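Beneath this line is the structure, given in structure tokens, with notes to follow.
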Amino acid sequence: MTNGSNGKADNNAQKDIYGRWVMRYYNQSLGFSGYHSGDQYDDTLRTNAAISNGGIMSGRQDANRSNRLGIDMTLSLLPVGVPMWLENQFMSNNESSPTGFGKEFKWKGGFHQVNWQPNKTNIAYARYDYIKGDNINDTTVGGLTNATPSEKDYILGWQHLVEQNVKFIAEFRHHAFEDKATSVSQPSVAKLTDDGFTARVMFGF
């Protein structure tokens, strides 16, 4: 259980519930998860983000309920002597009224990652992350939101174990975000793409 009000203080006095059940056999796994929130926002956030204060929310103190369902799976070739495995996750989510105008928002997303470990000190991987939202349009009931957002990442990475507690990580990432949001009547086709390389060192204690 957790405080899910997205505020430092638990102003809505509700608790969120999360659970996961997983089965593992011979380096393979299958898991199921669920999350329920009676209200993801606190009253202060709803007030401060109201249209009257320059935000996009109605200003009403309507609860924004959320339910998420997920499935994850690992497929491994380690049992047949091949040091490769595939990790997968898919999740769907729905929010009852994220802008306070009573319009539901749904999205789905997940990732797929293939790993190759040629020896004990090196591992290479490729990963695809994605999230896609259904259209949410509250402009017909007085709001400012008309959006169909989506986002995805393509990642190539390599990790090297320098010492037992020191790891070097290098990654290349291609990222694309489509806003498709506007405050008028039709979604835009705005798109942001970027490419980046990162290198970092992790220390364990």
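Numbers for the structure displayed
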quantity	calculated
Number of positions in region 69-85 that are assigned to a helix (DSSP H, G or I) and more than 13 Å from W116 (Cβ to Cβ)	2
Hits in region 89-116 (condition: farther than 28 Å from G143 by Cα, buried (at least 16 other Cβ atoms within 10 Å of the Cβ) and more than 13 Å from the chain's Cα centre (by Cα))	Q113, N115
Matching residues, region 130-154, being within 19 Å of M57 (Cα to Cα) and either more than 21 Å from the chain's Cα centre (by Cα) or among the small types (G, A, S) (or both)	G133, N137, D138, T139, T140, V141, G142, G143, L144, A147
Qualifying positions in region 82-135 - in contact with an Asp or Glu (Cβ under 8 Å, 6 or more places away or on another chain), farther than 23 Å from L30 by Cα and of a type in the set (D, E)	E95, E104
Odd one out for R60, checked against (1) more than 29 Å from E163 (Cα to Cα); (2) surrounded by 16 or more Cβ atoms within 10 Å (Cβ to Cβ); (3) charged (D, E, K, R)	(2)
Of all residues in region 127-146 being surrounded by fewer than 16 Cβ atoms within 10 Å (Cβ to Cβ) and assigned to a loop (DSSP other than H, G, I, E, B), the one that is modelled with the highest pLDDT	D134
Candidate set: region 10-31, residues that are closer than 23 Å to R65 by Cα and surrounded by 14 or more Cβ atoms within 10 Å (Cβ to Cβ); chosen: the one modelled with the highest pLDDT	D16
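The values are calculated or read from the model by the stated rules, or taken from the named source; none is laboratory data. It should be emphasised that the depicted structure is a prediction, and the values quoted were computed from it without experimental measurement. Ideal geometry is used to build each Cβ from the backbone, glycine not excepted, and the neighbour counts take in all protein chains shown.
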